[in-house]
Amino acid sequence: MNDATFCDLLVGPERAKESKRETISLASWDLLPRQVWDVELLLNGGFFPLTGFLNEGDYASVCQNLHLQNGEFWPVPITLDVSEEFAETISIGDRVALRHPEGMVLAILTVESLWRPDPVAEAHAVFGTENDKHPGVFELLNQYNPVYVGGRLEGLELPPHHTFQILRHTPKELRQIFKKRGWQKVVAFQTRNPMHQAHVELTRRASAKAEANLLLHPVVGRTSPGDVDYYSRVRCYRQVLKHYPEQTTMLSLLPLAMRMAGPREALWHGIIRRNYGCTHFIVGRHHADPGNQSNGGPFYGAYDAQDLFKKHEEQLGIQMVPFSEMVYVEDLAQYMESSDVAAEAKVLSLSGTEFRRRLREGLEMPSWFSYSEVVSELRRTFPPRGQQGFTVFFTGLSGSGKSTIANVLLAKLMEINHRPTTLLDGDIVRKNLSSELGFSKEHRTLNIERIGFVASEITKNRGIAICAPIAPHAAVRRRVRESISLHGGFVEVYVATPLDVCEMRDRKGFYAKARAGLIKNFTGIDDPYEAPEHPDVTVDTSCLSADQAAQKILLFLAKEGYLEGV
Ligand code: PPS
């Protein structure tokens, strides 16, 4: 695609001013974080040829056969999901102001269609599964609003960025930079992880193969849960940049909300890089892979993304540079593509899990694996566990013994530890943080989200949070785990005391009231409790005292390294 065919959706300053005045009288939707990233790439042309959020016809066509209705190739549905309440206030033909969380209107959407999608069918079409271990599926099934609004966008302004401004470029800006530098062919490298020696080797080879300059184009929008935060990653990328010949390579940050859709996502990434002016795109092993299913098997085959790319390459307007895994061959003291390595050669590798273990335990990193500057950056972000904050999150029925064990654990940690430690017990939270909430599913979810928010702040600041709510719903527990794990440790303790024992104790008299119908939605009686599938620790106070249960948790914390060096 040449510069003449490419366009963005931003109107000129005069028109933007006029439209801003009009927004006073328009319905207004506060964009969710994922939607802000989508709007940014729609407006700046990163999602060209899309002219807005998909309407119903294009959505069906993209889900079923990877094309818009007009025949253009497009592999991932870009949709605007809104609440039922909001959907009731708008109709076809209306103009809707899309607001950034800071309050400014980024764009006006003209409503072309309004529909209730089938998320399970979408999950199958786009992700090839409805298994919610897949983070993209989990989000789609649990966090999307129920109504989709499609329509073209008039762009008024791009979302502001306060970090690394110098490394951010719109497609237009990047195309201009390439032109200025005389870069005719550019190969793009997509990543959501810190880069080590293998990545540098791979990208240098890709650049040589394609006889092209190199664009390091990491995603700094939303990536996969548990990924390294982008601030730390960008500091690493800056270090890595020094290992390329000068004038050959450039770093730019991509504000994309990834979906982890494997093969479809690889093609989407390719189109985006074409829009940013690149001619080639590296597709490696397990591109945009969401990790393994709970049975240990992968969601997608290692080279499915390359196969799908090959099939549609003509239509994508960008050429794939395929790679197999890079491995370090000890005898030759160099990296090679695994496909080129002799069967008898001794190959060294270090998995991501092993790398994280070594960081966590403050152990040496082999020099063939990474650069010392990158390792020190990551060590700053991930100090050994003994210096990290962590959350112990109890879950279990009312009367199961959560609070009693949590109090014993609190006392023990205070005895042995210097870190500030806070107990967020169910009742304490209900009194201080959530006094206006009841026990509907919606209110319980909000209650746990609040607890999760406070615990994640405590963990981030390297303290210890002990939470002890009932937390009967698995989905919100998972979200809390994901948000806290970004900042430190998360230990889920399932207090598995059976219902009949809790009911027999009935310390607060609630079970008797619930059986008599005097309290409604009581967990375990007329409201469900979803037991955790993979808790870190399970204790049952029908056979353990509170002291014994607390000891079991302390032993787990010690084994995992949380109690080292305090
Ligand atoms: S939740 O679901 O996590 O938000 O519940 P939680 O905030 O932990 O509940 C705190 C205490 O409220 C009492 N209580 C109820 N529990 C469950 N269901 C209903 N309907 C209900 N109504 C009041 C109950 O005693 C909880 O405290 P614990 O310490 O668990 O006994």
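Worth pointing out:
- Test: GLY426 is at pLDDT below 95, crowded, with 20+ Cβ neighbours inside 10 Å and within 10 Å of the ligand (Cβ to nearest atom): yes
- Residue satisfying all of: in the range 1-42; β-branched (Val, Ile, Thr) and in a helix (DSSP H, G or I); surrounded by the fewest Cβ atoms within 10 Å (Cβ to Cβ) among these: ILE24
- Whichever residue in the range 429-448 is touching a residue at least 24 places away in the same chain (Cβ under 8 Å) and surrounded by 15 or more Cβ atoms within 10 Å (Cβ to Cβ) and, among such residues, is nearest to ARG481 (Cα to Cα): ILE448
- The residues of the range 107-127 that are part of a loop (DSSP other than H, G, I, E, B) and either among the aromatic types (Phe, Trp, Tyr) or open to solvent by less than 60 Å² (accessible area, probe 1.4 Å) (or both), listed by number, are VAL111, PRO117.
- In the range 135-152, the residues that are in the same structural domain as ASP94 (by TED's automatic domain parsing) and free of Cβ contacts under 8 Å to residues at least 60 places away in the same chain reach residues that are outside any strand (DSSP E or B) and open to solvent by 30 Å² or more (accessible area, probe 1.4 Å) with C-beta atoms within less than 6 angstrom, at least six apart or across chains, in these pairs: LEU140/PRO119; LEU141/PRO119; LEU141/ASP132.
- Test for PRO75: is it part of a loop (DSSP other than H, G, I, E, B), without any contact (Cβ under 8 Å) to a residue 60 or more places away in the chain and closer than 20 Å to GLY277 by Cα: no
- Screening THR391 with (1) open to solvent by 10 Å² or more (accessible area, probe 1.4 Å); (2) closer than 16 Å to ILE553 by Cβ; (3) away from the ligand (no atom under 12 Å from the Cβ) gives one miss only, at (1).
- Of the residues GLN184, GLN176, GLN190, the single one that is part of a loop (DSSP other than H, G, I, E, B) and assigned by TED's automatic domain parsing to the domain that holds GLU313 is GLN184.
- Qualifying positions in the range 78-106 - among the β-branched types (Val, Ile, Thr), surrounded by 14 or more Cβ atoms within 10 Å (Cβ to Cβ) and assigned to a loop (DSSP other than H, G, I, E, B): ILE78, THR79, ILE90
- Number of positions in the range 437-460 that are within 21 Å of the chain's Cα centre (by Cα) and within 16 Å of the ligand (Cβ to nearest atom): 10
- Yes/no for GLU377 being away from the ligand (no atom under 16 Å from the Cβ) and in contact with a Cys (Cβ under 9 Å, 6 or more places away or on another chain): yes
- Filtering the range 251-283 to residues that are open to solvent by 10 Å² or more (accessible area, probe 1.4 Å) and out of contact with any helix residue (DSSP H, G or I) (no Cβ under 7 Å at 6 or more places or on another chain) leaves only THR279.
- Qualifying residue in the range 406-416 (condition: β-branched (Val, Ile, Thr) and within 16 Å of the ligand (Cβ to nearest atom)): yes
- Any hit, the range 140-151, residues being surrounded by fewer than 16 Cβ atoms within 10 Å (Cβ to Cβ) and more than 23 Å from LEU254 (Cβ to Cβ): yes
- Comparison of LEU359, LEU348 shows that the only residue that is surrounded by fewer than 16 Cβ atoms within 10 Å (Cβ to Cβ) and farther than 24 Å from HIS124 by Cα is LEU348.
- Complete set of residues in the range 43-59 that are in contact with a Phe, Trp or Tyr (Cβ under 9 Å, 6 or more places away or on another chain), assigned to a helix (DSSP H, G or I) and either free of Cβ contacts under 8 Å to residues at least 60 places away in the same chain or over 13 Å from TRP74 (Cβ atoms) (or both): GLU56
- Of all the numbered requirements in (1) in contact (Cβ under 8 Å) with a residue 24 or more places away in the chain; (2) at positive phi; (3) assigned by TED's automatic domain parsing to the domain that holds TYR335, SER370 misses one, and that requirement is (2).
The values are calculated or read from the model by the stated rules, or taken from the named source; none is laboratory data. Because the structure is predicted, anything quoted here is derived from the model rather than measured. Cβ atoms come from the backbone with ideal geometry, glycine included; neighbour counts cover every protein chain shown. For the accessible areas, the whole protein counts, side chains as well, though only heavy atoms, and no ligand, DNA or RNA atoms are used. Shrake-Rupley method; radii C 1.70, N 1.55, O 1.52, S 1.80 Å.
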